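Colleague: Here it is, the structure, as structure tokens.
Nothing in this text is a laboratory measurement; each read-out follows from the coordinates by a stated rule. What you see is a predicted model, and the numbers here were worked out from it, not measured in a lab. Using ideal geometry, Cβ is built from the backbone for each residue, glycine included, and neighbour counts are taken over all protein chains shown.
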Amino acid sequence: MRFILRRLGFYLIAFWASITLNFLLPRFMPGDPVSRMFARSTGRMQPEQIEALRKLLGVDDRPIWEQYVDYLHSIVTGQMGVSISRFPTPVTEVIASQIGWTLLLGGTALVIAAVVGNLLGILAAWRRGGAIDSALPPVLVFIGSFPYFWLAMGALYLFGVVLGWFPLRHAFTDGLEPGFTWEFISDAAAHLVLPALTIVLVSIGGWMLGMRNTMIATNAEDYITMAEAKGLRPGRIMFRYAARNAMLPSVTSFGMGLGFVVGGALLTEVVFAYPGVGYQLLNAVQGLDYPLMQGLFLTITAAVLLANFLVDILYVRLDPRVRSN
Amino acid sequence: MTTFIDPSPSGVESTTAALTTAGPAPESSAAVRQPSRAPRRVRRSKQGFVHGLLTNKKAMVGMAVMLAFITLALLAPLMFPGDPSRITDMASLEPSAEHWLGTTAKGQDVMALTIHGSRSSLLVGLTVGLASTFIGILVGLASAYFGKFIDEALSLVTNVFLLLPGLPLLVILAAFLPPGLGTVILVLVITGWAGSARVLRSQALSIRSKDFVAAAAVSGERAGRIMFREILPNMASIVMGTLLACVIYGIGAQAGLEFLGLGDVSTVSWGNNLFWAGNEGALLTGSWWVFVPSGLCIALVAFALALINYAVDEVTNPRLRKITAAKASPTTTKTPGRSAA
């Protein structure tokens, strides 16, 4: 319990740090974001909305601490202002409409990469020097050397443009009504394949090598010898004895990966024009939509922190050593 | 995806785990008895390290590729004099004898762009690598040496920076700061130092508990001297590994940032070449030759650095060397790890 509370305190501090960063950036950076933004949105904004925006971005003359308290208050109560590029939709609504796609894309890719990568790592460590162990890691390291977006664009060109197997952009065909119909789901799945596949391709190497390295250490433990001496089936030793105990670091990585699902898919979403929060973040940056930018960053950070906290709780369940000290 | 963001790939992590016994016992006792002779011993172990690298095949391949790229970067103004991004009317030509790698939609020679691009990319990568490793060393050593409150505070900051999502933070920072090469470097260092700090802290922590450090403290050496003359030389290999990982991170992250159009679009670099290639729809019009070279160069540099990193691992970690020996031997027991250990 103390462990959980400590971690909770840490995550709260981390979240506070990101809020403060969000608060400080527009106020202390050279240049004036608000005037740039006003120039772009002339005539569309109401006076009171301009006033609210001034408060949000700190273009008023009140002392800085007063602004800070105000800012904290509006964040806690969930007021993140109004999006400029999609005026007059509130920021929270814009984010809510997009986070689902990001979770779908990132979640699918993460689960596939983690399951397949860990299985490959287990097999590689079990038959060291075998085909999987000697051939796959160099290939995966080489693939991992390429810039991710470059691979993604290459895949888009090859499978989308040249072969025409997969759609080129967006999460579903334009004009199709979103809903739980077979037509829509299969269409969304077809749009999902290529982006998810590229993420799996570049991230699977990390899973595999990590699992392989811990698994090698676990294989040298005495209880594995004992299990062999007892004459247990190799498959049982491999999964129930060795892999099970080598799983812990992978659980941590899964937590990190879960967090990066939200922010990390940014490049994927940009390349495939996938309508998630990452794509929206870049659009907000290009459209000088500062309220949306800040809201997205806070949402992404909050998701990362929450995912890590959940994994910490899971960790307490899985690893008794954490509970005892 | 994570390989792109995470500045400390698994290679470095595994080194940390396996290298906790880097400071051998004989050296520590020698340092206690004859502190004046310690530097000579350090140098000798370094010679073994260099020799090990020079006889390692991975290291040689990696260093050859890096040398080739550095030479090209230095010779770029001689090979392709003039501005490589000058717009001409020879647009979208396929590779030919005149333009080895073809031309872009704006009529720029792709070969010239790629070779000139190596200058900015290598420079930024190296600067980011050095700067973030330097911060990592400072934070890691201070954390490990002083402990207690300072360690708590520094670890807290490090962990917060590790947890904040890297790419969105990069995007946000780049959006608020004025565009330019300095901004790119600054932003990459801000998001990249934490990983190296954590790796270096854990290594420094294990060396700090060794007897020769305690002896140095008892004999009245100053904190700075203990940190940089006693502890730091004993973690040279992991510093090297961290540096290489940070350079890889720097080059990749710069390319990603520039590809998103958040770098300084007026400079010629691999990331910007790809940004323009995407902007001009090079792939949609089938001009693959505009798109391929810059990406391939980034991959080659990253792969070469990763090879050197693995070589450093192998040279400094005898366990990994024995593994290759075990692989060569015909014994195919299920757990050869035990025979190697």
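Colleague: Taking the Cα centroid of region A:259-325 and of region B:57-81, what is the distance between the two, rounded to the nearest whole Å?
Modeller: Each part reduced to its Cα centre gives a spacing of 38 Å.
Colleague: Then there's this: Please compute the length gained on full extension between residue A:163 and residue A:321, using 0.36 nm multiplied by the number of residues separating them and subtracting their Cα-Cα distance.
Modeller: 51.6 nm
Colleague: On to the next question. How big is the dipole moment of chain A about its Cα centre under a simple scheme where the beta carbon of each Lys and Arg is +1, that of each Asp and Glu is -1, and everything else is neutral? Debye, nearest 20, please.
Modeller: Working: 23 positive and 20 negative charges, 246 e Å.
Charge dipole of chain A: 1180 debye, to the nearest 20.
Colleague: Expressed as a rounded percentage, what relative contact order does chain A have, with Cα pairs under 8 Å and six or more residues apart?
Modeller: Averaging sequence separation for qualifying contacts and normalising by length gives 27 percent for chain A.
Colleague: Between residue B:264 and residues 5 or more places away or on another chain, which pairs have amide H atoms under 5 Å apart, with H built 1.01 Å from N, and which residues are they?
Modeller: For residue B:264, whose amide H was placed from the backbone, the distant partners under 5 Å are B:180.
Colleague: Fewest to most neighbouring Cβ within 10 Å: what's the order for B:292, B:157?
Modeller: Working: B:292 19, B:157 16.
Final ranking by Cβ density, sparse to dense: B:157, B:292.
Colleague: Taking neighbour counts of Cβ atoms within 10 Å as a proxy for exposure, in what order, fewest first, do B:246, B:297 appear? Working shown, then result.
Modeller: On the way: B:246 31, B:297 22.
Exposure proxy ranking, most exposed first: B:297, B:246.
Colleague: Checking the a/c ratio against 1.5 first, then a/b against b/c, what shape does the Cα gyration tensor give for chain A? Please report the intermediate quantities before stating the final value.
Modeller: Values: a/c = 2.72, a/b = 1.58, b/c = 1.72.
Here chain A falls in the oblate category.
Colleague: With +1 assigned to the C-beta of every Lys and Arg and -1 to the C-beta of every Asp and Glu, and no other charges, what is the dipole magnitude of region B:109-244 about the Cα centre in debye, to the nearest 20?
Modeller: Working: 9 positive and 6 negative charges, 44 e Å.
It works out to roughly 220 debye.
Colleague: Still on this structure, I have one more. From the square roots a ≥ b ≥ c of the eigenvalues of the alpha-carbon gyration tensor of region B:243-314, which class results: rounded (a/c under 1.5), prolate (a/b over b/c), or oblate?
Modeller: Values: a/c = 3.81, a/b = 1.87, b/c = 2.03.
Verdict is oblate for region B:243-314.
Colleague: Let me ask something else. Which one, A:108, A:214, A:181, has the greatest fluctuation when you compute a Gaussian network model over chain A with C-alpha springs under 10 angstrom?
Modeller: Of the options given, A:181 has the highest mean-square fluctuation.
Colleague: Give me the percent relative contact order of region B:127-200, please, defined on Cα pairs under 8 angstrom at least 6 residues apart. The partial results should precede the final answer.
Modeller: On the way: 65 pairs, mean separation 42.4, N = 74.
Rounded, it is 57 percent for region B:127-200.
Colleague: With point charges of +1 on the Cβ of Lys and Arg and -1 on the Cβ of Asp and Glu, referenced to the Cα centre of chain A, which listed residue (A:227, A:11, A:144) lies farthest in the positive direction of the dipole?
Modeller: A:227
Colleague: Please arrange A:253, B:96 by counting, for each residue, the other beta carbons lying within 10 Å of its beta carbon, fewest first.
Modeller: Values: A:253 22, B:96 10.
Taking fewest neighbouring Cβ atoms as first place, the list is B:96, A:253.
Colleague: ³J(HN,Hα) across region B:253-259 via Karplus (A = 6.51, B = -1.76, C = 1.60, θ = phi - 60°), whole Hz, x for Gly/Pro?
Modeller: 5, 4, 4, x, 4, 5, 4
Colleague: What residues qualify as long-range amide H neighbours of residue A:82, i.e. H under 5 Å apart, gap of 5 or more or another chain, H built at 1.01 Å from N?
Modeller: When sequence neighbours closer than 5 places are left aside, the close amide H contacts are A:91.
Colleague: Moving on to the next point. Starting from the Cα of residue A:183, step 7 Å along the direction of its Cβ; do the same at residue A:245; then give the gap between the two resulting points in nm.
Modeller: Taking the simple label geometry, residue A:183 and residue A:245 are separated by 5.7 nm.
Colleague: Another one. Under unit Cβ charges (Lys, Arg +1; Asp, Glu -1), what dipole magnitude, rounded to 20 debye, does region A:105-263 have relative to its Cα centre? It would help to have the intermediate numbers written out before the result.
Modeller: Numbers: 9 positive and 8 negative charges, 141 e Å.
Rounded to the nearest 20 debye, it is 680 debye.
Colleague: Cα centroid distance between region B:122-190 and region B:195-214, in Å?
Modeller: So the two Cα centres are separated by 19 Å.
Colleague: Among the helices of chain A (complete DSSP H runs), which have Cα atoms covering no less than 27 Å along the helix axis and a Kyte-Doolittle mean of at least -1.0?
Modeller: Details: long enough: A:2-28 (38 Å, 0.99); A:91-126 (50 Å, 1.64); A:182-219 (48 Å, 0.98); A:290-318 (42 Å, 1.51).
Sorted by number, the helices that extend far enough and score high enough are A:2-28, A:91-126, A:182-219, A:290-318.
Colleague: Rounded if a/c is under 1.5, else prolate if a/b beats b/c, else oblate: with a ≥ b ≥ c from the C-alpha gyration tensor eigenvalues square-rooted, which is region A:82-228? Spell out each step's value before the answer.
Modeller: Numbers: a/c = 2.59, a/b = 2.05, b/c = 1.27.
The shape class here is prolate.
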